[in-house]
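Each reported figure results from applying straightforward, stated rules to the coordinates on display, with no laboratory input. Quantities reported herein were computed from a predicted structural model and do not represent experimental measurements. Here the Cβ positions follow ideal geometry from the backbone for every residue, glycine too, while neighbour counts run over all protein chains shown.
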Amino acid sequence: MAAQTFRATRTNNRRYPGVRGRRPDRYEERCEGADERRKECAERTPTQQIMRLDAKLGRGIGAKKERKRLLAPPAKVVEKRK
């Protein structure tokens, strides 16, 4: 049995071979969707957001930093002195 050799470069069979990363034809569509989701999230209260996380992931499971941020009391704004 001969040893199998692997090519150093990957075969590029993409629709846009010269482009790396996300497909350029879907870029605007993805940005618009992200903006909509951001607006919806901003409209929800912290309690509603936690309920949504519980429904999606399970009660108290996952998203530890997000839950901590939502449960923390709002930080006081401190003005800088001149």
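Across all directions, the average flat footprint of the convex hull enclosing the Cα atoms of the stretch 27-71 is 3.6 nm².
Positive end of the dipole of the stretch 27-71 (Cβ unit charges, origin at the Cα centre): among Leu57, Cys41, Leu71, the Cα lying farthest that way belongs to Leu71.
For the stretch 40-46, backbone phi angles converted through the Karplus equation (6.51, -1.76, 1.60; θ = phi - 60°) give residue-by-residue couplings of 4, 5, 5, 7, 7, 7, x Hz, Gly and Pro being listed as x.
Rounded to the nearest 20, the Cβ-based charge dipole of the stretch 27-71 about its Cα centre (Lys and Arg +1, Asp and Glu -1) stands at 520 debye.
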